[in-house]
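Chemist: Before I ask anything, let me first share the structure, which is written out below as structure tokens.
The values are calculated or read from the model by the stated rules, or taken from the named source; none is laboratory data. These numbers were taken from a predicted model, which means no experiment stands behind them. We place every Cβ from the backbone using ideal geometry, glycine too, and count neighbours over all the protein chains shown. Accessible surface areas use protein heavy atoms only, side chains included; no ligands, DNA or RNA. Shrake-Rupley method; radii C 1.70, N 1.55, O 1.52, S 1.80 Å.
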Amino acid sequence: MELRFRGGSWDFSDGRVRLLGVLNVTPDSFSDGGRYESLERALERGIRMAEEGADAIDVGGESTRPGSDPVSVEEELSRVVPVIESLAKSVSVPISIDTMKAEVARRAVAAGASIVNDVTAGTADEAMNSVVAGSGAGYILMHMRGTPKTMQRAPRYDDVVAEVGTYLAARVQAATQAGCDPRSLMVDPGIGFGKKLRDNLLLINRLETLTSLGRPILVGASRKSFIGAITGQTNPELRLEGTIASGLFAVRRGAIALRVHDVAPMKRALQVWREIDRANDGTAP
Ligand code: HH2
């Protein structure tokens, strides 16, 4: 399996898990809001994550944490475009733009982004699918129930894994119909987006169900509140162990990419995990 994006591709046949490093240039993101608001600090953080081994830098200018308010196109553009332009000159890994607005995606790609990460999988902005199709960017399609403002009010599923799978299959089809190369699509169950604790746990536990979509699976569990609900840690920055545990479990169940804030620790955990995993197949040293 591969993921095609603007200017390159990832070949997953080597089994190496790709890490997307999170770079939120927002005042209000749930764990790193307000940290990287200046261009200089954002750039520094992006370069650092690339040095630590991130395979892509995911730049976001609008928080999607539960209860967050939307921002205008102009505001979002002013946050992300300068960062993407500078990062594109400073790092060799692809940059993804975390946005639900087609205009932001379009301008971000023009500024140097290669992948569009839409937490609404093209449903919030009807122009999104065709903008991504025309740009040749990779396209991450994530499942969310409701909107960030309302999604945690009363999420309810009869069968969360099946419903997320059906939704993502429909979004893959819609993106393909709009002209996206199916090989450019990646799917994501949307941990924490309109889900209760048990929904998040089931989605990771039964992630392999989503492999039937035939597309690479990304999981973003990093520092999320379901970890705190289990461990009692209210400070998201202290949820590293839970992030690693859920990342490794997700990989065991079929994830081939993880969206994380803490690139270096996740990378080291994966290195060890991978050697153990390979020890039995004759390819290990
Ligand atoms: N999670 C967040 C944002 N974007 N994109 C994908 N594909 N998958 C995710 O799980 C995902 C995502 C939320 O985390 P974060 O960016 O750290 O916080 P905020 O939305 O508050 O900026």
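Chemist: Pairs needed: first member in segment 7-33, more than 6 Å from the ligand (Cβ to nearest atom); second member anywhere, open to solvent by 60 Å² or more (accessible area, probe 1.4 Å); C-beta distance under 7 Å; at least 6 residues apart or different chains.
Modeler: What qualifies is 12/1; 25/37; 27/37; 33/27.
Chemist: Can I ask one more? Look at residue 187 and say whether it is free of Cβ contacts under 8 Å to residues at least 60 places away in the same chain, assigned to a helix (DSSP H, G or I) and of a type outside the set (S, T, N, Q). Give the steps one after another, and end with the answer.
Modeler: Working: free of Cβ contacts under 8 Å to residues at least 60 places away in the same chain: yes; assigned to a helix (DSSP H, G or I): no; of a type outside the set (S, T, N, Q): yes.
No, not satisfied.
Chemist: Among (1) under 21 Å from residue 67 (Cβ atoms); (2) within 11 Å of the ligand (Cβ to nearest atom); (3) in contact with a Gly (Cβ under 8 Å, 6 or more places away or on another chain), there is one condition residue 186 misses while meeting the rest; what is its number?
Modeler: In the conditions (1) under 21 Å from residue 67 (Cβ atoms); (2) within 11 Å of the ligand (Cβ to nearest atom); (3) in contact with a Gly (Cβ under 8 Å, 6 or more places away or on another chain), residue 186 misses (1) alone.
Chemist: Something else now. Limited to segment 60-77, what total is found for residues that are in contact with a helix residue (DSSP H, G or I) (Cβ under 7 Å, 6 or more places away or on another chain) and farther than 13 Å from residue 33 by Cβ?
Modeler: Of all residues in segment 60-77, those in contact with a helix residue (DSSP H, G or I) (Cβ under 7 Å, 6 or more places away or on another chain) come to 61-62, 73, 76-77.
If we keep only those that are farther than 13 Å from residue 33 by Cβ too, we end up with 73, 76-77.
Selection size over segment 60-77: 3.
Chemist: Between 4, 45, which is touching a Phe, Trp or Tyr at 6+ places or on another chain (Cβ under 9 Å), part of a helix (DSSP H, G or I) and closer than 21 Å to residue 257 by Cβ? It would help to see each step written out before you state the result.
Modeler: On the way: 4 fails: part of a helix (DSSP H, G or I).
The conditions single out 45.
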